[in-house]
Amino acid sequence: MLKHLDLFSGIGGFALAAKWVGGIETIAFSEIDPFCCKVLEKNFPGIKNYGDVRNVTEKEAWLITGGFPCQPFSIAGKRRGKNDDRYIWPEMFRVIQQTRPDWVICENAFNFVNMELEQTLIDLESEGYETQTFIIPAVGVEAQHRRSRTWIVANPNCERLEGWKKHWKSKEELLIRKVSGSKPAIWKPEPELGRVANGIPNRVDRLKSLGNSIVPQLAQVLIQTIKDIENENI
């Protein structure tokens, strides 16, 4: 089984995508949100959770994934970038340096491209990784909302990444057709609550976790493309 280390795991979107692809074992998470941790414990029992990413000491992984916090870059926030205490990319980069995975997948907000993408790519390339960046919306996999996100795929082998691009091309064209042929979509509205209801804090936690999560169907397409090129090289 190929080993997968998932950072900033949330409710486990990347781990679910890896499970759907098959042949990949998620060996550890890194998540601190209490509600998300409970979801991980329920849906992925027995998998270690390092908690704070600063505690991650894993030394071996085939794939590292991470949707590191988007609040420093999101247009919905103050866009403080590196000056935001939630800017934790350096910690993900540290784990990549110590683990040297074959593949890395990063995810962040759309506006990340305008603020910090260049430095992130420089960091990865300084460690010998070739990179490819995409802007892909959730509606590309028929989600009921547009939600464009920045995705980075990295591999230390230039030829292998070129092969990945070849396999990705047809899938990317399919995603684009779905986007162009769709109506603009938004998150489904919160169900009518009337006055404040008992239990609403848990509902808020759930909505927050869903809002921060990746779309696993989209991550599945990316990971499956990686598996395609790996199988070609066997």
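Observations
- Charged neighbours of Asp6, selected by a Cβ distance under 12 Å, balance to -1 (K, R count +1; D, E count -1).
- Count Lys and Arg as plus one, Asp and Glu as minus one, and take only other residues whose Cβ is under 11 Å from that of Ile24; the net charge is then 0.
- Length added when fully stretched, Glu60-Arg100, from 0.36 nm per residue minus Cα-Cα: 13.7 nm
- Cross-linked pairs Lys48/Lys166; Lys48/Lys165; Lys19/Lys42: Cα-Cα separations exceed 26 Å for Lys48/Lys166; Lys48/Lys165.
- Here the spin labels are modelled as points 7 Å beyond Cα on the Cα-Cβ line, and at Gln119 and Ile135 they lie 2.1 nm apart.
- Computed from backbone phi with θ = phi - 60° and the Karplus coefficients 6.51, -1.76 and 1.60, the 3J(HN,Hα) list for segment 96-103 is 4, 4, 7, 9, 6, x, 5, 9 Hz; x is used for glycine and proline.
- Remark on Glu130: its backbone amide H falls under 5 Å from those of Asn155, Asn157, a criterion applied only to residues 5 or more positions apart or on other chains, H modelled at 1.01 Å from N.
- Computed packing ranks the peptides 12-21, 151-160 as 12-21, 151-160, most packed first, by mean other Cβ atoms within 10 Å.
Rule-based calculations on the coordinates, nothing more; no lab input. This one's a predicted model, so the numbers in the text were calculated from it and none came from an experiment. Counting neighbours? That spans all protein chains shown, and the Cβs are built from the backbone with ideal geometry, glycine included.
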